Amino acid sequence: MEPPERPAAHRAAFAPWDDPAARPLVVYDGVTKRFGAETAVVDLSLAVYEREFFALLGPSGCGKSTLMRMLAGFESPSEGRVLLAGEDLAGVPPHLRPVNMMFQSYALFPHMSVETNIAFGLAMEGRPRDEIGARVGEALRMVKLDGLAGRKPHQLSGGQRQRVALARALVKRPKVLLLDEPLGALDRKLREETQFELMALQERLGLTFIIVTHDQDEAMTMATRIAVMDKGRLAQIGTPRAIYEAPTTRYVADFIGDINLVEGKVTGAEGSRVSVMTALGDMVVAEASEPVSVGQAVAVAWRPEKTRLVRAGETGPAGSVMLTGTIADIGYLGDWSTYHVDIGGLRLKAALANAVRRAEDAVDWGDPVRLAVAPEALILLVR
Ligand code: ATP
């Protein structure tokens, strides 16, 4: 048996965005896109590097698809430039761009076989028959559909249809493959499997992927970096870990994952240690990411899974912020339980891994509890 592919192993050392000498493959340079009175993208600049698996994430209508369509050539910027390998793409028609887009709907031709669907683009380019045959065969093997070349789309499962669409996009050997919700039609289990297949395929072929998704778990799993968008603007760009562990705004902190967020005012700042007066009392953030001044309005945030639940009679870890409240709700998710705790008029969340198999929860509705949060877990949000 072949050893399983491990995309993550190659990923560890991959960070061209930190290398000042690295030249980006795709550059959006001050791009604005207006549709009549509506501005879908506002003065947005970002760079994507070769071999990245880049995810665009944000709520519906924030401009993700518009950004992709400008790279594919289906829309042109109202202002600014889109560059590929240093070349301004203005005026280059879609079919002459080394970019391919796989759509949400897959848009397979229903009356054509898998093989003809995949061959279609190459046939349109007027490629010789032998070359088409060889490239289609290769694409089918890549997506592990070699046995199904003669089937029609309606004779395939949703996951198989998705792979045909992928093969059809890959067969043209684009420099950049744009994927708009590529796994949207798949059930959760197949979706997770396909995510890893897609990552392995992208690694193996050395391609650059830009993916649009609504699903943040999907972006976290697959992406080298994520761009979080907010109403046509870039809210934050970074590795999944940076976006999750070090969000820079309330919007990003709240959009990605679950978070507890308490508003307050800065009462003291000493180096990167910042004290904040909040409705829950004084909190000291160990490491603020940007300078603040006394009196400034800020928020203190922390992730539910970085919260310890301390039962009556137990003592919390030394140095932690201790918050006393009452259990309002418990959600048992199998692998995790989430506890909603009412404290000082706020409802906070704590998430605990159910690492030990047991019949009953450690606490119950209405129980008094304390939450312990280590100062290192606290995030200071200025914007
Ligand atoms: P979704 O996740 O729902 O696909 P999105 O983030 O991809 O959303 P876009 O499709 O880029 O968002 O749309 C951004 C904004 O631009 C929306 O308000 C949308 O209504 C508008 N828009 C997009 N295309 C057009 C168009 N051709 N004409 C007019 N308005 C458009």
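Rule-based calculations on the coordinates, nothing more; no lab input. The structure displayed is predicted, hence computed values, not measured ones. Here Cβ is always computed from backbone atoms with ideal geometry, including for glycine, and neighbour counts include all displayed protein chains.
The coefficient of translational diffusion for segment 181-294, derived via Stokes-Einstein from the alpha carbon Kirkwood radius under 37 °C and 0.692 mPa s, stands at 197 µm²/s.
Loop-located trypsin sites (Lys or Arg not before Pro) in segment 216-259 (DSSP state not H, G, I, E or B) with no more than 15 neighbouring Cβ atoms inside 10 Å: LYS231. At an R0 of 22 angstrom, the distance between the Cβ atoms of ASP19 and ALA242 translates into a FRET efficiency of 0.85.
Counting beta carbons within 10 Å around each of TRP336, TRP17, TRP302 and listing the fewest first gives the order TRP336, TRP17, TRP302. Compared with the direct C-alpha span, the chain from ARG233 to GLU263 gains 8.4 nm at full extension, assuming 0.36 nm per residue. Descending by average beta-carbon neighbour count within 10 Å, the peptides 346-356, 275-285, 53-63 line up as 53-63, 275-285, 346-356, the highest first. Modelled spin-label separation between GLU125 and ASP329, with each label point placed 7 Å from Cα along the Cα-to-Cβ direction: 5.3 nm. With R₀ fixed at 51 Å, the C-beta to C-beta distance from HIS111 to ASP282 puts the FRET efficiency at about 0.15. For the chain, adding -39500 (n - 2.57) for each run of n ≥ 4 DSSP H residues and dividing by the number of residues yields -7000 deg cm²/dmol at 222 nm.
For the chain, the spread of Cα coordinates along the three principal axes comes to 77, 52, 40 Å, biggest extent given first.
Dipole check for segment 77-164: with +1 at the C-beta of Lys and Arg, -1 at the C-beta of Asp and Glu, and the Cα centre as origin, the magnitude is about 420 Debye. Stretching the chain fully between PHE35 and ARG151 yields a gain of 37.7 nm (0.36 nm per residue, less the alpha carbon separation).
Does segment 85-221 come out rounded, prolate or oblate by the C-alpha gyration tensor, with a ≥ b ≥ c the root eigenvalues, rounded set by a/c under 1.5 and, if not, prolate when a/b is larger than b/c and oblate if not? Oblate is the answer for segment 85-221, as a/c is 1.5 or above yet b/c matches or exceeds a/b. Subtracting the Cα-Cα distance of ASP342 and ASP187 from 0.36 nm times their residue separation leaves 52.3 nm of extension gain.
Between the alpha-carbon centres of segment 120-144 and segment 232-302 there is a gap of 52 Å.
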